[in-house]
Amino acid sequence: MTIALSTSGLKRTQWWEYALRFVLGGLITVIAGLIAKKFSPSVGGLFLAFPAILAASTTLVERHERQRKEQKGMGGMYRGRHAAGADAAGAAMGSIGLVGFAGSVEKLITAHDPWLAILVGTLVWAALSASAWFLWKRGPLRRMRSKVPSKLARS
């Protein structure tokens, strides 16, 4: 898999899909705010870290991939699920980096310049997320993923 930037997904996405993501993201933010008001900002912040649009994104990714395969006359159920799973795995890897970002900023923000804390946090996030991706692609988890039956891999 090569990492690349592609804007073709923007053409396939309909306006209501953007609206769905916006509404779900706003809803999660409101819920986190209500939890913070009732309990504390620390508790509310934990809920704000929830990937608000992940649920909407994965269902839409699955739908788009399935439709692309079906337009070519193939069954796209496995491909759609696989693409949605890859999207969720990428979000999990980014979340690992986000934990490192939060921890490093929290340790550095009071003792150093805030911009330095943000810069170091960003570098920690990038390093942790890239390391998680590298382990996923080249590490021991690769052997577990390669055990998918070949009949399913073709659909």
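Coordinate-derived values only; no laboratory data. These figures come from a predicted structure and were not determined experimentally. Cβ: placed from backbone, ideal geometry, glycine included. Neighbour counts: every protein chain shown.
Computed from the alpha carbon positions, the gyration tensor of region 37-106 leads to an equivalent ellipsoid with semi-axes of 35, 14, 6 Å, biggest first. Taking the number of Cβ atoms within 10 Å of each Cβ as an exposure proxy, the fewest-first ranking of Glu17, Glu62 is Glu17, Glu62.
Working from label points 7 Å from Cα in the Cα-to-Cβ sense, the Ala91 to Leu119 distance is 3.3 nm. Among residues other than Gly45 with Cβ under 14 Å from its Cβ, the summed charge is +1 (Lys and Arg +1, Asp and Glu -1).
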